[in-house]
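Notes to accompany the following structure.
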Protein chains: 2
Amino acid sequence: MESKPAPLVAGFSVGAASCGLKKTGKPDLGLIFCPEGAACAGVFTRNRVKAAPVVISRRRIKAGRCLAVLANAGNANACTGPEGMAAALEAGRAAAKALGIPEVQVLLASTGVIGKVLPAQQVARAVPGLVRGLSRADQAGLTAVASAIMTTDTFPKLAWRSGEGYSVAGVAKGAGMIAPDMATMLAFVLTDAPIDAMTLQGLLTQAAETTFNRVTVDGDSSTNDTLLILASGKGKALKGRALTGFAEALFGVCYDLARMIARDGEGATRLVEVKLSGAKTQKEALAAARCVANSPLVKTAIYGRDANWGRIMAAVGRSGARLNPAKVSISFGKAQVVRGGLTLGPRAEAAAAREMEAEEIVLSIDLGAGEAEEVVWTCDLTPEYIKINADYRT
Amino acid sequence: MESKPAPLVAGFSVGAASCGLKKTGKPDLGLIFCPEGAACAGVFTRNRVKAAPVVISRRRIKAGRCLAVLANAGNANACTGPEGMAAALEAGRAAAKALGIPEVQVLLASTGVIGKVLPAQQVARAVPGLVRGLSRADQAGLTAVASAIMTTDTFPKLAWRSGEGYSVAGVAKGAGMIAPDMATMLAFVLTDAPIDAMTLQGLLTQAAETTFNRVTVDGDSSTNDTLLILASGKGKALKGRALTGFAEALFGVCYDLARMIARDGEGATRLVEVKLSGAKTQKEALAAARCVANSPLVKTAIYGRDANWGRIMAAVGRSGARLNPAKVSISFGKAQVVRGGLTLGPRAEAAAAREMEAEEIVLSIDLGAGEAEEVVWTCDLTPEYIKINADYRT
């Protein structure tokens with residue numbers, strides 16, 4: 001898909017601008033506008049500490065309909081109390097005014113430093129220019145939005161699928177503080193398919209569960225996680241099995257974005273897919289996969305291209321998942337290093353080390369205790385992660 | 001306590017030797033011998049994957065009595081199947097033979113690389129010299145044992161207390177793969193107090209729960225964790241309230257050792273004490289404290305001397321613990337940075353950054369939701385951690 005340009009998503013205009021939240025002066029404000037209104041649904045952080053824009057968007061999305069999404073990077077407007085709420089509302093109001101729509105129809109999302117009140121006037125001053133610059137929701141337009149919401153991301157994240165008579169396209173940002181339930185991430189999916197809000201909510205929740213909620217960079221989840229879907233209804237009606245096709249397209253977009261987020265984990269040099277099989281239950285499979293994906297020792301070993309299966313054994317062992325030590329097997333890519341719970345020796349490990357030269361590593365672990373399988377994505381842990389996060393606010 | 005030398009623990013001889021498991025040639029084999037027998041108790045890893053020496057010691061300790069402990073560093077003898085079991089038994093048998101005691105009276109502990117069978121003959125060859133070199137369990141002797149079990153530890157860990165007519169002294173190793181239930185750590189506590197095995201087990205479990213099980217370096221727990229206590233019974237009988245005094249002394253030794261392990265976390269520059277208060281329940285207090293202590297983002301910020309309270313808010317928020325956002329307070333040492341859920345501003349953060357120059361940082365967090373309190377110890381996350389663990393096996 002990435003060879004062809006993204007299809008146009010009918011019914012939307014999008015744009016980006018700089019309002020000075022990023023010290024670099026790069027675009028930090030993104031706007032999505034659906035003049036005739038969109039059915040919408042969302043999935044938000046389950047963190048008990050929720051940023052002001054999350055509180056507002058969760059409330060507004062209950063209507064199932066919205067006209068715009070205003071998103072910014074550089075300031076998360078989290079843990080900012082009543083002042084932060086007022087600032088978020090003011091920013092949304094500025095967008096509503098410039099677009100000539102009711103403010104309750106504007107959804108909000110913010111990402112960046114926690115604990116600083118969003119400078120709403122700064123945002124408000126940039127909004128008229130942002131609105132004037134709105135353009136079609138095509139590859140260029142969506143890339144501009146994806147770039148505006150980047151924080152420590154190293155590349156804009158954009159994914160799409162086309163169905164019969166409709167398109168689905170999404171943008172996302174991730175990078176740090178990425179963990180299940182959800183990642184610190186923002187993702188906005190646009191489609192022109194005509195689907196009602198309740199159906200959208202069901203499909204989005206389902207897609208998020210096996211994509212965004214299977215990504216973990218550092219086990220930290222954020223105060224601002226927001227995944228939104230907007231459907232303009234400009235495309236052809238979906239009849240019968242076409243809805244299944246749409247669900248698959250939506251899953252595909254979420255899947256691509258989730259993997260991009262893992263690949264672009266802070267300081268990451270490798271995308272790691274942890275494929276856990278042979279667990280007694282689905283829950284145990286997921287717990288074991290996450291334990292491996294969150295283990296700093298495993299992630300550091302991958303950075304060091306060390307097929308350190310002992311650390312993987314220790315991680316699954318402490319996950320609470322039942323396992324049969326005499327039946328455990330572990331492979332890095334195509335190179336199996338453990339069979340029947342025992343090492344296959346230095347030659348196998350050398351082969352595994354070679355597999356780890358690839359940008360994407362599939363870590364296959366079988367617990368030998370049952371039939372349940374789960375997949376989780378993560379990245380390696382590198383000195384660059386420490387550097388980025390020790391200096392982040394300075 | 002650390003200004004005075006450790007007291008002699010009567011009834012024990014201890015020693016260390018090099019058998020070549022450490023490539024540096026440094027001592028890697030420690031022996032504790034109690035010729036007239038000791039009451040004993042132990043706490044072992046809850047990891048489902050258990051190393052051979054753990055399997056054997058767990059079985060043998062059930063007798064409540066032992067004569068010796070043989071411990072090695074440089075090879076964990078974990079995930080090594082029947083061969084590993086045979087090797088561990090052979091090493092123990094060599095010690096038993098040299099000491100002239102039954103092999104079932106020898107407890108075993110190993111730490112080091114996972115997945116390699118312990119070269120038992122190498123160990124066996126060093127045992128006679130090790131036995132000949134046994135000396136009293138005083139400061140010098142115990143330091144030798146503490147040094148022999150070091151892996152990536154940067155200093156030998158030794159702690160002690162004296163009671164009326166008895167001493168309690170302990171040695172430990174920690175460094176990496178340190179997490180609750182237990183740390184990857186070995187710790188051996190010796191006392192000459194006359195206490196039966198069942199009482200010892202109760203007191204040890206209790207002491208471990210609030211000391212070793214409150215330490216986390218990287219959330220990884222190991223296949224080899226072993227905490228043993230041996231009581232020679234050479235000291236004065238404990239009557240009435242004296243047992244409470246002994247329990248306190250035992251707690252003190254475990255407390256000191258646990259904090260040393262946190263302080264010496266791989267690559268650590270700071271000992272961090274997370275004091276969590278104001279939780280609804282004890283369980284929630286512990287969950288929130290651990291979430292903060294395990295957060296790579298929090299730990300990296302501490303390394304960067306950044307009073308990044310937003311990351312702490314995010315960590316407690318995702319811990320599952322109930323909190324009252326409008327009542328949360330956070331302090332670094334004496335510098336409060338959050339009151340009523342809101343930042344106290346740059347000046348407060350600057351003061352907090354200064355507090356972080358200390359080698360030991362107390363991070364106080366109040367959730368404002370209840371009365372429960374818990375303490376967890378950890379360390380900062382540094383580039384050195386990555387370096388150590390990316391290269392560990394090479």
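The values are calculated or read from the model by the stated rules, or taken from the named source; none is laboratory data. These figures come from a predicted structure and were not determined experimentally. Because the Cβ atoms are built from the backbone with ideal geometry, glycine has one as well, and the counts that use them run over all protein chains shown.
Scan segment A:95-105 and tell me whether some residue there is closer than 25 Å to A:Thr152 by Cβ and either within 14 Å of chain B (Cβ to nearest Cβ) or not hydroxyl-bearing (Ser, Thr, Tyr) (or both).
no
Please enumerate the residues belonging to segment B:26-46 that are at pLDDT 95 or above, surrounded by fewer than 19 Cβ atoms within 10 Å (Cβ to Cβ) and in a loop (DSSP other than H, G, I, E, B).
B:Lys26
Does B:Leu89 count as more than 14 Å from chain A (Cβ to nearest Cβ) and surrounded by 20 or more Cβ atoms within 10 Å (Cβ to Cβ)?
When the stated conditions are applied, B:Leu89 does not pass them.
Suppose the filter is aromatic (Phe, Trp, Tyr) and touching a Leu at 6+ places or on another chain (Cβ under 7 Å); does A:Phe12 pass it?
It is true that A:Phe12 is aromatic (Phe, Trp, Tyr) and touching a Leu at 6+ places or on another chain (Cβ under 7 Å).
In segment B:65-86, what residues are more than 12 Å from every other protein chain (Cβ to nearest Cβ), in contact with a strand residue (DSSP E or B) (Cβ under 7 Å, 6 or more places away or on another chain) and not aliphatic (A, V, I, L, M)?
Selection gives B:Arg65, B:Cys66, B:Asn72.
So that you can scan it fast, the table gives a plain yes or no per residue for (1) among the aromatic types (Phe, Trp, Tyr); (2) within 23 Å of the chain's Cα centre (by Cα); (3) modelled with pLDDT of 90 or more; (4) more than 28 Å from B:Leu200 (Cα to Cα):
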| residue | (1), (2), (3), (4) |
| --- | --- |
| B:Leu243 | no, no, no, no |
| B:Ala249 | no, yes, yes, no |
| B:Gly252 | no, yes, yes, no |
| B:Tyr255 | yes, yes, yes, no |
| B:Ala258 | no, yes, yes, no |
| B:Ala268 | no, yes, no, yes |
| B:Ser277 | no, no, yes, yes |
| B:Lys280 | no, no, yes, yes |
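Would you confirm whether any residue within segment A:272-288 is outside any strand (DSSP E or B), within 12 Å of chain B (Cβ to nearest Cβ) and under 17 Å from B:Thr223 (Cβ atoms)?
Looking for residues that are outside any strand (DSSP E or B), within 12 Å of chain B (Cβ to nearest Cβ) and under 17 Å from B:Thr223 (Cβ atoms), one finds at least one in segment A:272-288, hence yes.
Listed here are the residues, each with its yes/no results for (1) part of a helix (DSSP H, G or I); (2) within 14 Å of another protein chain (Cβ to nearest Cβ); (3) touching a Pro at 6+ places or on another chain (Cβ under 9 Å).
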{"site": "B:Val189", "(1), (2), (3)": "no, no, no"}
{"site": "B:Asn213", "(1), (2), (3)": "yes, yes, yes"}
{"site": "B:Leu227", "(1), (2), (3)": "no, no, no"}
{"site": "B:Ala237", "(1), (2), (3)": "no, no, yes"}
{"site": "B:Thr244", "(1), (2), (3)": "yes, no, no"}
{"site": "B:Ala249", "(1), (2), (3)": "yes, no, no"}
{"site": "B:Cys254", "(1), (2), (3)": "yes, no, no"}
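What number of residues within segment A:312-346 satisfy the criterion of being part of a helix (DSSP H, G or I), more than 7 Å from every other protein chain (Cβ to nearest Cβ) and either modelled with pLDDT under 90 or out of contact with any helix residue (DSSP H, G or I) (no Cβ under 8 Å at 6 or more places or on another chain) (or both)?
Result for segment A:312-346: 3.
In segment B:371-389, what residues are in contact with a Ser or Thr (Cβ under 7 Å, 6 or more places away or on another chain) and either part of a strand (DSSP E or B) or not β-branched (Val, Ile, Thr) (or both)?
B:Ala372, B:Glu373, B:Val376, B:Thr378, B:Asp380, B:Leu381, B:Asn389
Here is a list: A:Val131, A:Val123. Which entry is part of a helix (DSSP H, G or I), in the same structural domain as A:Ser232 (by TED's automatic domain parsing), in contact with a strand residue (DSSP E or B) (Cβ under 9 Å, 6 or more places away or on another chain) and buried (at least 24 other Cβ atoms within 10 Å of the Cβ)?
Testing whether each residue is part of a helix (DSSP H, G or I), in the same structural domain as A:Ser232 (by TED's automatic domain parsing), in contact with a strand residue (DSSP E or B) (Cβ under 9 Å, 6 or more places away or on another chain) and buried (at least 24 other Cβ atoms within 10 Å of the Cβ) leaves just A:Val123.
Please indicate, with yes or no, whether at least one residue in segment A:335-343 is surrounded by fewer than 19 Cβ atoms within 10 Å (Cβ to Cβ) and free of Cβ contacts under 8 Å to residues at least 12 places away in the same chain.
yes
Could you tell me whether B:Asn72 is at pLDDT 95 or above, surrounded by 24 or more Cβ atoms within 10 Å (Cβ to Cβ) and within 17 Å of the chain's Cα centre (by Cα)?
Against the criterion (at pLDDT 95 or above, surrounded by 24 or more Cβ atoms within 10 Å (Cβ to Cβ) and within 17 Å of the chain's Cα centre (by Cα)), B:Asn72 qualifies.
Cβ-Cβ under 6 Å, sequence separation 6+ or interchain: first residue in segment B:344-368 and over 13 Å from B:Gly304 (Cα atoms), partner hydroxyl-bearing (Ser, Thr, Tyr). Which pairs?
If the second residue must be hydroxyl-bearing (Ser, Thr, Tyr), the pairs left are B:Ser364/B:Ser331; B:Asp366/B:Ser277; B:Asp366/B:Ser329.
Among the residues of segment B:299-310, write down those that are at the interface with chain A (Cβ under 7 Å from one of its Cβ atoms), part of a helix (DSSP H, G or I) and of a type outside the set (Gly, Ala, Ser).
If the condition is that a residue be at the interface with chain A (Cβ under 7 Å from one of its Cβ atoms), part of a helix (DSSP H, G or I) and of a type outside the set (Gly, Ala, Ser), then B:Thr300, B:Tyr303, B:Trp309 are the ones that fit.
Please determine whether any residue of segment A:77-86 is among the small types (Gly, Ala, Ser), touching a Lys or Arg at 6+ places or on another chain (Cβ under 9 Å) and buried (at least 24 other Cβ atoms within 10 Å of the Cβ).
The answer is yes, given that some residue of segment A:77-86 is among the small types (Gly, Ala, Ser), touching a Lys or Arg at 6+ places or on another chain (Cβ under 9 Å) and buried (at least 24 other Cβ atoms within 10 Å of the Cβ).
Sort out which residues of segment A:289-298 are under 24 Å from A:Lys173 (Cβ atoms) and at the interface with chain B (Cβ under 9 Å from one of its Cβ atoms), and write them in order of number.
Once the filter is applied, which keeps residues that are under 24 Å from A:Lys173 (Cβ atoms) and at the interface with chain B (Cβ under 9 Å from one of its Cβ atoms), segment A:289-298 yields A:Asn294, A:Pro296.
So that you can scan it fast, the table gives a plain yes or no per residue for (1) acidic (Asp, Glu); (2) away from every other protein chain (no Cβ under 12 Å); (3) on the phi < 0 side of the Ramachandran plot:
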{"residue": "A:Ala353", "(1), (2), (3)": "no, no, yes"}
{"residue": "A:Glu357", "(1), (2), (3)": "yes, yes, yes"}
{"residue": "A:Leu363", "(1), (2), (3)": "no, yes, yes"}
{"residue": "A:Ala369", "(1), (2), (3)": "no, no, yes"}
{"residue": "A:Val375", "(1), (2), (3)": "no, yes, yes"}
{"residue": "A:Pro383", "(1), (2), (3)": "no, no, yes"}
{"residue": "A:Ile388", "(1), (2), (3)": "no, no, yes"}
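Of all the residues that make up segment B:184-198, how many are out of contact with any helix residue (DSSP H, G or I) (no Cβ under 9 Å at 6 or more places or on another chain) and over 19 Å from B:Thr45 (Cα atoms)?
4
Among the residues of segment B:1-60 satisfying the criterion of being among the β-branched types (Val, Ile, Thr) and more than 30 Å from A:Arg322 (Cβ to Cβ), which is farthest from the chain's Cα centre (by Cα)?
B:Thr24
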